[in-house]
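Structure, as structure tokens:
Rule-based calculations on the coordinates, nothing more; no lab input. Remember, predicted model here, so these are calculated numbers, not experimental data. Positions of Cβ are generated from backbone atoms using ideal geometry, with glycine treated the same way; all protein chains shown enter the neighbour counts.
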Amino acid sequence: MNNISNDLIVELHVPDLEMAKDFYTKLGFEVAMDDKPNEKELGYLTMVRKDNAGSTMLNFYGGDERVYNQAFFKQFPKDTKSGFEISVTIVVSDIEKLYAIVSTELKENIVREIKNLEDHEHSWKDFRMVDPFGFYLRFTELVDWGQ
């Protein structure tokens with residue numbers, strides 16, 4: 001299997017960067033950049049998770065209630081579920097170790113427990129979570145998605 005490589009940048013708009021930092025740190029992410037919001041500008045947080053399966057970078061924009069006034073997103077009510085119909089897939093090498101941590105520290109965020117999955121060519125494990133903002137996260141072992 002090949003490591004996944006692409007140039008996609010995911011930016012999640014959230015009203016609380018500290019909450020994002022706390023949650024994603026428990027998932028093995030580390031802070032790469034942390035620009036706090038101030039009177040003039042919203043903040044920006046970049047977090048990276050590296051392991052033998054590759055690395056995942058997530059960017060968070062906002063940090064306070066002004067995030068709801070973003071040019072496109074302000075057309076939706078504030079209580080609209082974040083990430084509706086989007087799954088953020090994060091590939092990990094030791095899924096059972098991560099799941100052991102998650103099932104202790106973030107149990108209330110698990111929406112599907114770890115499962116063995118297979119298709120006609122592959123078998124792998126994954127589990128699903130929702131973050132504090134409503135983004136749906138899928139943690140999976142590396143699968144060759146036709147690269």
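Side notes on the structure shown:
- Three principal axis lengths of segment 66-111 [C-alpha, angstrom, descending]: 41, 21, 19
- Over segment 7-69, equivalent-ellipsoid semi-axes from the Cα gyration tensor in Å: 22, 12, 9
- Note on the chain: Lys pairs 8 or more places apart or on different chains, Cα atoms under 16 Å apart, count 11.
- Here the chain carries DSSP beta bridges of which approximately 70% are antiparallel, counting only pairs with both residues inside.
- [x] 52, 29, 27; [y] 46, 38, 33; [z] 41, 35, 25, with the label sought being that of the calculated Cα extents along the principal axes in Å: [x]
- Using Cβ point charges alone (K and R +1, D and E -1), the dipole size of the chain about the Cα centre works out to roughly 240 debye.
- Alpha carbon centroid spacing (whole Å) that separates segment 48-74 from segment 105-140: 20 Å
- Acute angle (nearest 10 degrees) that the helix 95-105 long axis makes with the longest principal axis of the chain, alpha-carbon atoms: 50 degrees
- Efficiency of FRET between residue 109 and residue 50 - r from beta-carbon atoms, R0 25 angstrom, step 0.05: 0.70
- Cα long-axis angle, helix 17-26 against the chain (0 to 90 degrees, to the nearest 10): 20 degrees
- For the chain, the residue among 92, 111, 33 whose Cα projects farthest onto the positive side of the dipole built from Cβ charges is 111.
- Loop-resident GluC sites (Glu not before Pro) (DSSP state other than H, G, I, E or B) in segment 1-107 with no more than 15 further Cβ atoms inside 10 Å of their Cβ: 39, 41, 85.
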